[in-house]
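Below is one structure; the comments refer to it alone.
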Amino acid sequence: MRLARRISPERLQSDPCLSRHKASSRAFPIQHSWRKSIFFDNAWLDGLARGALFAVLALGWMNLLIRINGLRSLSKMTNFDFVTTVAFGSLLAGAAQASDWTAFLQAFAAMAGLVVAQALTSKLRRQSEKVEDLIGNQPCLLMRDGEFHKAALEANRITQADLIAKLREANVLRLSEVRAAVLETTGDVSVLHGDATVDELLLKDVRSE
């Protein structure tokens, strides 16, 4: 076990390395790692007040952004919309857990940035088919007229049991009733079933594999 030795003032003045170390210590003091209080000196009260207030403000800010951008903000119509919705929830939780005003305002700015990005992406998709093909994925046909498309199931890593579970959720009683089962860009499975023939317009942009 090594014991720390006390350095004499004479050696500290004569040794240039030790002198520079002492000078740098005065120039750059060690910063404390504990967090500063915002509302109360008590850490417990400050944490409770900060979490409650920041959560309410973040929720109100998110609702305001949704009112401005419209219901499309939470529609999950495309994979980009789905990712944006998930990011909204993460940023809302981050804002509620912010330790200072800087982190809280950063979460606010990120929410606004997501809304702007979603609005611009939606506008570009409406104006250009190339942008739509670049940003969005194509839905995939997993089942047609009671027959499973095994190649599509394997390509999308979906088992037949997973698809059958989705058919049960859609209240399918017989496989012969299924006109089409489509894996949407958001990951949801749409099941078209019944006795009527499916309009081909509904399957226009759906790929078979």
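If I take every Cα pair under 8 Å that is 6 or more residues apart in the range 125-178, average their sequence separation and divide by the length, what percent do I get for the relative contact order?
This gives 32 percent for the range 125-178.
Net charge of the neighbourhood of V178, taken over other residues with C-beta under 11 Å away and scored Lys/Arg +1, Asp/Glu -1, is +1. Candidate cross-link partners of K130 among the aspartates and glutamates, defined by an alpha-carbon separation under 20 Å and a same-chain spacing of 8 or more, comprise D81, E184, D205. Quote the charge dipole size of the range 43-132 about the Cα centre in Debye, to the nearest 20; the model charges only the Cβ of Lys and Arg (+1) and of Asp and Glu (-1). Dipole size: approximately 360 debye. 3J(HN,Hα) couplings calculated from phi for the range 147-159 with the Karplus curve 6.51 cos²θ - 1.76 cosθ + 1.60 (θ = phi - 60°) are, in sequence order, 10, 7, 9, 5, 4, 5, 5, 5, 5, 9, 6, 10, 7 Hz; Gly and Pro show x. Between A112 and S75, the simple label model (points 7 Å from Cα in the Cβ direction) yields a spacing of 2.4 nm.
Other residues with beta-carbon under 11 Å from the beta-carbon of F40 carry, at +1 per Lys or Arg and -1 per Asp or Glu, a net charge of -1.
What's the center-to-center distance, using Cα atoms, between the range 66-93 and the range 98-177 in Å? About 12 Å separates the Cα centre of the range 66-93 from the one of the range 98-177. Listed by Cβ neighbour count within 10 Å, with the fewest neighbours leading, R179, R126, R72, R157 appear as R157, R126, R72, R179. Note on the range 79-119: Kirkwood hydrodynamic radius from all Cα pairs is 10.3 Å, rounded to one decimal. First measure r as the distance between the Cβ atoms of T102 and I68, then evaluate 1/(1 + (r/R0)^6) with R0 = 22 Å and state the FRET efficiency to the nearest 0.05. Computed FRET efficiency for T102 and I68 comes out at 0.35.
Computed from the coordinates by the stated procedures, all read-outs in this text should not be read as laboratory data. Keep in mind that what you see is a predicted model, and the values were worked out from it rather than measured. Note that we place each Cβ from the backbone using ideal geometry, even for glycine, and neighbour counts take in every protein chain shown.
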